[in-house]
Amino acid sequence: MPLTPGQRRLYSGDYNYMSQAWQPDGTVAVQISGGKSGQVHIMHVRDLWGEHEQVLTEERLPEGPPPHILARLEEAKKEP
Amino acid sequence: MSDYPDWTRLFQLAGTEITIPINIEASDVTLPVTIAASDVTLFVYLTGQTVLLQFNLYSSSVTLDVNIESQDANITFTFADQSVAVFDAAKWFAHEADQVFASGTASGNEGDWTTVLDYTVPAGKVFYAGGVAFSVLGGDGEVYSTHLRLYLAAAIAFRLGEHVGRGLPLDVPLRATAGQHVQLDVEYWGVSASAAMTGSAWGYLEDA
């Protein structure tokens, strides 16, 4: 089975920060962020790192700061 | 050297402005400077109101080797009145955005070893762990003893114990290669009900 985009980042190392929340059923909620892509991937994985690893759900959060922060950053660069 | 007489030639240039241009243009240039003697002293003093000593190496591939072979070697760099950054490895790799912070949480029961973090080193990389931390949150009960096992590639690399948790910078980085697991397992005593546990490891990645 081909790797999902999140798995590809997991195994290529394109992230700086990883958070794992181990669930009672043995699955793991994994969040990775940073890296060259700057994206945040949130995955729910069964058998993490195992032979039968399976990504149950995967979500990619929007890149970078939200639009209202970007607008303020741009405004802060300008002379008042 | 005894076959040759002693030889001394003094180069002395005195003037208000002295310019010595050396221009060598050729398809291939070799400029070897070889000094062979029982004792060698080579001083370079640059004294001026402003001193510019510039080395420009322009090439598709540059190799700059400095080899020092000696029974005793002293290397001193002194920077004053400057904006010079000298990074150690950990800070350099953070500067290059190769830092890794991995953390995990899990719930477990008293006396059971529970995995709170399992990190696998990515392809083509070497992971150097610079520190670990763990904790146990007992809820409405009191945790009085916690233990951490750090597994490197399925074998215990070291153990750590404390009251409710602790952090430990590693003065010797723990090295793990691509595909190896760095796994933190935590055990606690003192609360019979399930407790929340955390574990973290941080470090940096180098290309293998």
The protein assembly as shown, dipole about Cα centre (Lys/Arg Cβ +1, Asp/Glu Cβ -1), debye to the nearest 20: 520
Table column - 3J(HN,Hα) (Hz), the stretch B:39-53, Karplus curve with 6.51, -1.76, 1.60, x for Gly and Pro: 10, 10, 10, 10, 9, 10, 10, 10, 10, x, 5, 10, 10, 10, 10
Solvent-free Debye scattering, log10 I(q)/I(0), computed from the Cα coordinates of the protein assembly as shown at q = 0.12 Å⁻¹: -0.93
Peptide B:116-128, shielding by other chains (average Cβ, 10 Å cutoff): 3
The stretch A:5-77 - percent relative contact order, Cα under 8 Å, separation 6 or more: 21
Average partner coverage of A:27-34, which counts Cβ from other chains inside 10 Å: 2
Charge dipole magnitude, Cβ of K and R +1, D and E -1 - the stretch A:5-77, Cα centre, debye nearest 20: 280
Convex hull volume of the stretch B:35-117 per residue (C-alpha atoms, cubic angstrom): 294
Rough spin-label spacing in nm, given labels placed 7 Å along Cα→Cβ, for residue B:50 and residue B:6: 4.4
Estimated translational D of chain A in µm²/s (Stokes, Kirkwood radius over Cα pairs; 37 °C; 0.692 mPa s): 231
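Note down the magnitude of the dipole of the stretch B:94-207 about its Cα centre, charges +1 on Lys and Arg C-beta and -1 on Asp and Glu C-beta and zero elsewhere, to the nearest 20 debye. Mind dumping the intermediate values first?
Values: 5 positive and 13 negative charges, 38 e Å.
With only Lys, Arg, Asp and Glu charged at Cβ, the dipole is about 180 debye.
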For the stretch B:140-208 and the stretch B:5-19, distance of Cα centres in Å: 67
Packing-based exposure ordering (other Cβ within 10 Å, fewest first) of A:42, B:24: B:24, A:42
Spacing of the two label points (7 Å from each Cα toward its C-beta) at residue B:33 and residue B:57, in nm: 1.6
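The numbers here are math on the coordinates, done by the rules we state, and not lab data. Just so you know, these numbers come straight off a predicted model, no measurement behind them. FYI the Cβ positions are ideal-geometry reconstructions off the backbone, even for glycines, and counts take in every protein chain you see.
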